[in-house]
1. Residue pairs, Cβ under 8 Å, 6 or more apart or interchain, first in the stretch 200-213 and under 16 Å from ILE151 (Cα atoms), second of a type in the set (Asp, Glu). List them.
2. Determine, yes or no, whether GLU233 is within 21 Å of ALA119 (Cα to Cα), surrounded by fewer than 19 Cβ atoms within 10 Å (Cβ to Cβ) and modelled with pLDDT under 95.
3. Please tell me if VAL62 is at pLDDT 75 or above and either surrounded by fewer than 13 Cβ atoms within 10 Å (Cβ to Cβ) or aromatic (Phe, Trp, Tyr) (or both).
4. Which number in (1) more than 30 Å from PHE156 (Cβ to Cβ); (2) surrounded by 20 or more Cβ atoms within 10 Å (Cβ to Cβ) marks the one condition that LEU207 misses?
5. Do the conditions hold for THR107, that is, is it outside the structural domain of LEU57 (by TED's automatic domain parsing) and under 30 Å from LEU57 (Cβ atoms)?
6. GLY165: free of Cβ contacts under 8 Å to residues at least 12 places away in the same chain, surrounded by 16 or more Cβ atoms within 10 Å (Cβ to Cβ) and not hydroxyl-bearing (Ser, Thr, Tyr), yes or no?
7. Within the stretch 99-124, restricting attention to residues that are more than 24 Å from the chain's Cα centre (by Cα) and at pLDDT 90 or above, which residue is farthest from ARG218 (Cα to Cα)?
8. Report every pair of residues separated by at least 6 positions or lying on different chains whose Cβ atoms are under 8 Å apart, first residue within the stretch 275-294 and without any contact (Cβ under 8 Å) to a residue 60 or more places away in the chain, second surrounded by 10 or more Cβ atoms within 10 Å (Cβ to Cβ) and assigned to a helix (DSSP H, G or I).
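The values are calculated or read from the model by the stated rules, or taken from the named source; none is laboratory data. Fair warning: this is a prediction, and the values are worked out from it, not measured in the lab. Methodologically, a virtual Cβ is constructed for each residue, glycine included, from the backbone with ideal geometry; neighbour enumeration extends over all protein chains shown.
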Amino acid sequence: MGFILQLVALAGAVIALLGIALVVSASSRRENTRSGVLITAVGVVIGLVFFIISQGLLIVPVTERAVVFNAITGRLEDPRGPGISIIVPGIQQPYIYPINNQTFFTTDEPVQGNRPGQAAIQARSIEGQNVRVNAVLTYRLDSNPEGLNRIHTNWFNQIGGYEFGLVRPALNNTVQEITATYTAENIYGRAREEMGRRIEQRLRETLERQGVIVEAFRILELTFTPEFTEAIERKEIANQELQRAQTEAQRVETEARGRAQAAIEQARGQAESALLAARAEAEALSLISQQIAENPALIQFRYVENLSDNVQLILVPTNSPFLFDFNSLTGGMMPQPRPAAPTGDE
């Protein structure tokens with residue numbers, strides 16, 4: 001829209017020049033210059049009107065905001081949002097600021113769109129070890145009126161503006177302060193993520209008070225001196241070897257314990273088995289003894305039952321203490337031995 005208005009204003013200027021040319025030509029021929037003067041006046045009016053209008057129209061894209069300075073009051077008005085706004089040329093001066101996400105790199109490696117002076121941050125660990133921090137910070141300007149006006153007031157006339165006057169120093173100081181609370185070995189290892197979260201939180205607290213909203217912070221790379229890196233690698237190898245040895249020792253110990261436990265369980269099982277067998281045998285003997293006591297002929301019956309089928313006659317002494325009670329078996333029919341005849345001496 002503003003471009004079209006400026007084209008119309010330019011067309012009015014061309015018309016005015018054409019009218020002036022007609023006036024000069026008519027004057028040289030001593031003719032009436034009224035038509036040329038009229039054309040010139042129309043062109044001047046069109047040019048001035050549309051030029052003023054084009055300067056008085058403020059077009060703000062959706063990703064930007066306009067901070068407006070009023071020359072009469074000497075104060076900042078509320079920022080203008082997306083769309084077309086009317087301002088008074090010469091009195092209201094607009095300054096455009098982006099409110100979309102901006103990315104700030106600190107790295108020694110070339111990055112597309114990276115500007116000079118954004119080298120990696122030089123920091124020191126708690127024991128004084130040098131650490132170069134390559135990182136990326138994503139942020140945006142606060143779109144609220146107070147936030148944008150604060151940014152403009154504090155950093156408009158500063159060299160580098162808010163980016164190099166506010167964001168970069170805050171990032172440098174925060175990274176250096178947080179890094180100084182860790183040992184280099186911890187930063188090299190598992191403390192890297194924790195350090196990144198602490199830096200991001202500190203940046204939020206610091207920059208939001210100045211009108212800058214931190215969206216994200218991420219550590220890209222940590223670079224140490226070659227001597228420290230080599231020492232850490234040697235220590236890491238030694239730790240791995242130690243862990244491997246400890247793991248092997250634990251494995252051997254576990255296997256030995258397993259075998260010992262298995263032997264104990266086997267011995268316990270055998271003892272319990274023998275105990276159960278002894279108990280069973282004792283109970284069986286007790287039961288047999290009880291049955292024999294109740295049925296004395298039972299043992300004789302079992303004896304006969306286990307004889308061979310071919311046995312038809314058994315000769316045993318009558319006075320032999322054998323298994324059978326022959327008197328009971330024969331019903332007292334077995335002949336009894338007679339006593340010897342008395343001699344004449346009796």
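1. GLU208/ASP142; GLY211/ASP142; GLY211/GLU146; VAL212/ASP142; ILE213/ASP142
2. When the stated conditions are applied, GLU233 does not pass them.
3. Criteria met by VAL62.
4. (1)
5. It is false that THR107 is outside the structural domain of LEU57 (by TED's automatic domain parsing) and under 30 Å from LEU57 (Cβ atoms).
6. In short, yes.
7. Once the filter is applied, the top-ranked residue is ILE99.
8. So the pair list comes out as GLN291/LEU298; ILE292/LEU298; ILE292/ILE299.
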